[in-house]
Protein chains: 4
Amino acid sequence: MKTTVPVPVRWADLDAYGHVNNAAVFTLLEEARIALFWRGREDAATQLATFIAHQEIEYLLPISYPDEPLPISVWISKIGGASAEVCYEVPNAAGDVAARARTTIVTVNPATGTPRRITDEERARWAEYLADPVQFRRH
Amino acid sequence: MKTTVPVPVRWADLDAYGHVNNAAVFTLLEEARIALFWRGREDAATQLATFIAHQEIEYLLPISYPDEPLPISVWISKIGGASAEVCYEVPNAAGDVAARARTTIVTVNPATGTPRRITDEERARWAEYLADPVQFRRH
Amino acid sequence: MKTTVPVPVRWADLDAYGHVNNAAVFTLLEEARIALFWRGREDAATQLATFIAHQEIEYLLPISYPDEPLPISVWISKIGGASAEVCYEVPNAAGDVAARARTTIVTVNPATGTPRRITDEERARWAEYLADPVQFRRH
Amino acid sequence: MKTTVPVPVRWADLDAYGHVNNAAVFTLLEEARIALFWRGREDAATQLATFIAHQEIEYLLPISYPDEPLPISVWISKIGGASAEVCYEVPNAAGDVAARARTTIVTVNPATGTPRRITDEERARWAEYLADPVQFRRH
């Protein structure tokens, strides 16, 4: 099931063209991802440590400064042994899809930084957000 | 031919893990790309306007705070009709490959923002930086 | 009257010490200031152009990553002929005052970039937020 | 003696007005300060931990995107018992003074985070950079 996270765009995210900078979009995705995995969960930050292994993004439309937080769609397209794929759709202020993206995270042992298996409890919780992977036009 | 651009890492690029934040890496790539296409070219900024259509990155190792600018390798893997693919390899402070990435840029008419054909002059200049595309382990 | 603007801290605002970076605090202040002067006001962005002339900040406590947006207090301590002073108090997650700051903005003509007088309508609207200037311990 | 640190401006430092964002200037100052206190010094990062207590800045001119790193002047105006004042002058691309600033740093014990006295060795080394404090027009 896809969920929607309202992510405020900051004035400092804009570049000299008046659009959200390409790298700043990844910061918006990061905030959406944090809301999905960590926010509102006691001790989540200390128990769930991850490493980002891969990211892909397709920019369809420039994102101008919005009056309201952008409602970013975020969901999980795959849960592997020690990794998961997170997908996103970012609308612009008009509500059109401005970017599609996918992040592969690896669950790691916070003490050692090495990959560790996703627990059954995590798997069950994350399964709630499973949906088909985002489709890119170019790949 | 691949070229190398020394890109300074800033203290503010680090996250709470003491590593360069995943989104900040795209800012480093942006600086390498700007050096390739724009720096040292008179009127380059006004004549060459681009839109980023797609980006892909693979993070292999965390990037700790380096004493010196990171020597980012940057080259062009494809020159199309109105787009080009830029590839990068980002080392960490020890000189190991920490990230590989690819950006697809579209050349646009600065007045209208619509795609426009790459000129013969641009094609000839960029051909100097052609090399095989970066290979990702996962895709 | 002081008002309170909830400003979300981003993961990327943290530095390698796990605290909000000193420069990122100014971005949080910027968001609080924008909420006071621009948000929710039709055409505000095109009618009210400002230049920042001066800023002062006192950091009292480090700001760790909060679970909730930081409730930043913001008010106006002075309305001059073509400038205004904006004051802020930034709490940390525990609710203690972590930073106090003041920004002097100059109202400018957006077409020319030169200072212009604050209008009677602006003066009346901003007067609602007048309160005593923030007091710094060191100056 | 004032020293000069060349600090590259990044494209992402610009805001929608095409000028370096007010908060990004503090990141440029941070890089100049790091160059003064830490760069090129073995073990400096682990031995010299500081906390920023206060900052003040005066913006005189907007800073447009420069072709070259900005030669930021940086010096020390005061060395106290457990604190020091660092001053800066930031030129714009034309070489005019665009900003003046001052940062008060407190030396802390990295293990405890509490202030600790500046050592004789630090005092001797920093004395090389002593010069009169920056003068602000408004205060």
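Taking the stretch D:1-29 as the range and being within 11 Å of chain C (Cβ to nearest Cβ), part of a loop (DSSP other than H, G, I, E, B), in contact with a helix residue (DSSP H, G or I) (Cβ under 8 Å, 6 or more places away or on another chain) and not polar (S, T, N, Q) as the test, the residues that pass are D:D15, D:A16. For the stretch A:44-96, filtered to residues that are among the acidic types (D, E) and farther than 17 Å from A:E31 by Cβ, the residue that is nearest to the chain's Cα centre (by Cα) is A:E85.
When you scan the stretch D:24-33, do you find a residue that is farther than 25 Å from C:L28 by Cβ and either acidic (D, E) or surrounded by 13 or more Cβ atoms within 10 Å (Cβ to Cβ) (or both), even just one?
No: the stretch D:24-33 contains no residue that is farther than 25 Å from C:L28 by Cβ and either acidic (D, E) or surrounded by 13 or more Cβ atoms within 10 Å (Cβ to Cβ) (or both).
Take the conditions (1) closer than 30 Å to B:W38 by Cα; (2) touching a Phe, Trp or Tyr at 6+ places or on another chain (Cβ under 8 Å); (3) among the charged types (D, E, K, R); D:D67 misses just one of them, which is (2). Out of all the residues in the stretch D:1-15, which are touching a Ser or Thr at 6+ places or on another chain (Cβ under 9 Å) and either small (G, A, S) or within 18 Å of A:V20 (Cβ to Cβ) (or both)? D:R10, D:W11, D:A12, D:D13, D:L14, listed by residue number.
Of everything listed in (1) farther than 26 Å from B:T104 by Cβ; (2) among the hydrophobic types (A, V, I, L, M, F, W, C); (3) surrounded by fewer than 18 Cβ atoms within 10 Å (Cβ to Cβ), the single unmet condition for A:A93 is (1). Being without any contact (Cβ under 8 Å) to a residue 12 or more places away in the chain and on the phi > 0 side of the Ramachandran plot is a property that A:G95 has. Those residues that are closer than 19 Å to D:A23 by Cα and either of a type in the set (D, E) or at pLDDT below 95 (or both), I need them from the stretch C:69-114; list them, please. Result: C:E85, C:E89.
Conditions (1) among the basic types (K, R); (2) within 12 Å of chain D (Cβ to nearest Cβ); (3) touching a helix residue (DSSP H, G or I) at 6+ places or on another chain (Cβ under 8 Å), marked per residue:
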position	(1), (2), (3)
C:E56	no, yes, no
C:L60	no, yes, no
C:D67	no, no, no
C:I76	no, no, yes
C:A93	no, no, no
C:A101	no, yes, yes
C:T104	no, yes, no
C:T112	no, no, no
C:A124	no, no, no
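A Cβ distance below 9 Å, combined with a sequence gap of six or more or placement on separate chains, defines the contacts here; from the stretch C:56-69, residues that are touching a residue at least 24 places away in the same chain (Cβ under 8 Å) and under 13 Å from D:I52 (Cα atoms) reach residues that are assigned to a loop (DSSP other than H, G, I, E, B) and among the basic types (K, R) in the pairs C:E58/C:R137; C:E58/C:R138; C:L60/C:R137.
The values are calculated or read from the model by the stated rules, or taken from the named source; none is laboratory data. Predicted model, so just to flag it, every value in this text is computed and none were measured. Virtual Cβ from ideal backbone geometry, glycine too; neighbours counted across all protein chains shown.
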